[in-house]
Amino acid sequence: MDIGIVHPELIYPRGAEKQVCKLSYYLNKMGHDVTIYTFEKKENCVFNSLLENIKIISLNEKWISGPFYSYNLVRWHSLIKKLSKKIKEHDIINAHNHPAQWISKYTDIPTVWTCNEPYQHNISSYMKKMYSAHSLIDRRLTRSTKLILSLSNGIKELIKMRYPDKKVNISYSGADLDHEVKHETNEYFDAIFVGPIQPQKRPFDIIKAFSSTCKNIENVRLHFVGNTTSLISKRMKNEMIKYAAKNDIETIFYGSVPNDKLYELYNIADISIFVSEAEPWGIFPLETILGGIPTIISDQCGIKDILPDDNPVVETGNIRQLADKIIEIKDNYHEYKYKTVKTSKMVRKNYSWEAYSRRMENILKQCS
């Protein structure tokens with residue numbers, strides 16, 4: 001097949017960008033021609049090694065311009081129209097992440113949209129009212145999309161509410177380890193979180209949970225890896241630092257890090273925590289499970305759909321339950337370690353990036 005993939009940007013080392021680049025790499029390895037279309041690509045993108053044989057067509061225009069979201073929404077429509085004029089002949093187009101699906105309005109090529117997150121699903125009611133006009137335009141521009149793919153059951157329901165007239169299937173996603181996790185021991189109990197420091201990811205819950213258990217666990221270190229460049233992220237980080245200092249919890253923020261540094265942190269991690277709300281999938285917690293690190297997820301984390309019932313899950317926002325689960329894992333560490341290694345074998349077999357790409361290959365063939 002000749003496949004066009006549309007994604008707004010290739011800048012940040014986030015899960016959505018990794019998904020697009022891993023999918024492109026494996027589809028190409030399977031013998032398909034792959035072209036990625038994007039508004040903006042960073043020259044030294046962290047995923048460049050995956051894109052060596054992939055054709056990249058970029059507008060070289062800013063994905064985000066200025067702080068006003070409404071202004072960016074207008075720009076995105078203009079950029080989509082401009083990008084559509086660069087679309088070559090393809091058998092199928094796979095759009096990723098809003099507003100990539102709008103490309104279907106401006107091409108006759110069948111378009112399958114991998115909807116990682118339905119637009120506006122996690123913003124306030126006030127903001128939803130503010131952008132109600134955009135919602136109507138969004139539905140019209142999405143109308144020609146042939147199929148919407150969801151990464152999990154919970155997100156599928158949100159997508160169906162937003163686009164009630166569209167067919168929605170579940171594709172799940174993938175995860176792999178780029179390096180072996182070595183499990184280095186030290187005198188600390190090291191906990192790791194990877195993701196942007198923002199309210200939806202609920203990293204503050206981790207500090208609050210450890211603050212309530214600090215008398216029970218000695219030598220705790222909390223490691224937060226992820227982007228802190230936005231105003232909301234900076235404000236949240238400062239609040240977290242103050243709260244941790246007040247409760248005498250050693251907390252380290254790294255910002256975005258290269259893969260080698262990330263795996264240095266995986267090597268020392270005793271526990272991984274990812275208790276995000278309305279999370280479509282969860283590449284980071286799957287990576288730590290693959291690495292044999294006991295991993296707590298929230299009940300709104302998409303990977304809950306594929307994990308066994310004995311994987312540690314807590315109610316989103318329930319700090320007391322999270323604290324109790326941390327103590328339970330610490331007190332029964334070898335048991336949880338064994339369960340995690342067992343789960344990792346299933347994940348490695350069924351939810352690798354290659355397995356995800358083969359699922360996508362079948363879906364794209366059926367829709368082309």
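The values are calculated or read from the model by the stated rules, or taken from the named source; none is laboratory data. Just so we're clear, the structure is a prediction, and the values are computed from it rather than from any experiment. Cβ coordinates were reconstructed from backbone atoms using ideal geometry, including for glycine residues, and neighbour counts include every protein chain displayed. Ligands, DNA and RNA are stripped out before the accessible areas are found, and what is left, the full protein with its side chains, is counted by its heavy atoms. Shrake-Rupley method; radii C 1.70, N 1.55, O 1.52, S 1.80 Å.
With an 8 Å cut-off on Cα pairs and a minimum separation of 6 or more residues, tell me the relative contact order of the chain in percent.
Here the relative contact order equals 16 percent.
Hey, how much of the P(r) for the chain falls beyond 29 Å, as a percent of Cα pairs?
Considering the chain, 41 percent of its Cα-Cα pairs are separated by more than 29 Å.
How would Leu151, Leu231 rank on accessible area, largest to smallest, probe 1.4 Å?
Leu231, Leu151
How large is the translational diffusion coefficient of the range 13-57 in µm² per second when you combine the Kirkwood radius over alpha carbon pairs with Stokes-Einstein at 4 °C and 1.567 mPa s?
My calculation gives 121 µm²/s for D.
Output the pairs from Lys62/Lys146; Lys55/Lys105; Lys105/Lys167; Lys201/Lys237; Lys182/Lys261 with a Cα-Cα distance over 19 Å in this structure; if there are none, say none.
Lys62/Lys146; Lys55/Lys105
Starting from the Cα coordinates of the range 187-349, work out the convex hull volume and express it per residue in Å³.
For the range 187-349, the hull spanned by Cα atoms encloses 103 Å³ per residue.
Using a simple charge model, +1 on the beta-carbon of Lys and Arg, -1 on the beta-carbon of Asp and Glu, nothing else, what dipole does the chain show about its Cα centre, in debye to the nearest 20?
1540
Could you tell me the calculated FRET efficiency between Asp108 and Glu187, based on Cβ-Cβ distance and R0 = 56 angstrom, to the nearest 0.05?
Efficiency computed from Cβ-Cβ geometry: 0.35.
Using R₀ = 51 Å, calculate the FRET efficiency as 1/(1 + (r/R₀)^6) where r is the Cβ-Cβ separation of Asn219 and Asn153; round to 0.05.
0.85
Kindly report, to the nearest 10 Å², the accessible surface of Met161 as traced by a 1.4 Å probe over protein heavy atoms only.
Ignoring ligands and nucleic acids, Met161 comes out at about 140 Å².
Once both axes come from the Cα atoms, what is the angle between helix 132-142 and the longest principal axis of the chain, in degrees from 0 to 90, rounded to 10?
60
As a quick test, which of the pairs Lys81/Lys166; Lys304/Lys342; Lys234/Lys325 have an alpha carbon distance above 19 angstrom in this structure?
Lys81/Lys166; Lys234/Lys325, as the Cα separations exceed 19 Å there.
Hey, if we sort Lys82, Lys22 by accessible area with the 1.4 Å probe, largest down, what's the order?
Lys82, Lys22
Sorted by accessible area with a 1.4 angstrom probe, largest first, how do Ile241, Ile197 fall?
I get Ile241, Ile197, largest accessible area first.
Multiply the residue gap between Asp248 and Ser58 by 0.36 nm, knock off their C-alpha separation, and tell me the result in nm, one decimal place.
Going from the current span to full extension adds 63.7 nm.
Are any of the pairs Lys160/Lys349; Lys18/Lys85; Lys88/Lys365 more than 23 Å apart by Cα-Cα distance, and if so, which?
Lys160/Lys349; Lys18/Lys85
Can you give me the angle between helix 353-367 and the longest principal axis of the chain, using Cα atoms only, in degrees from 0 to 90, rounded to the nearest 10?
With both axes taken from Cα atoms, the answer is about 30 degrees.
Between Glu354 and Leu136, what is the label-point separation in nm under the 7 Å Cα-to-beta-carbon projection?
5.1
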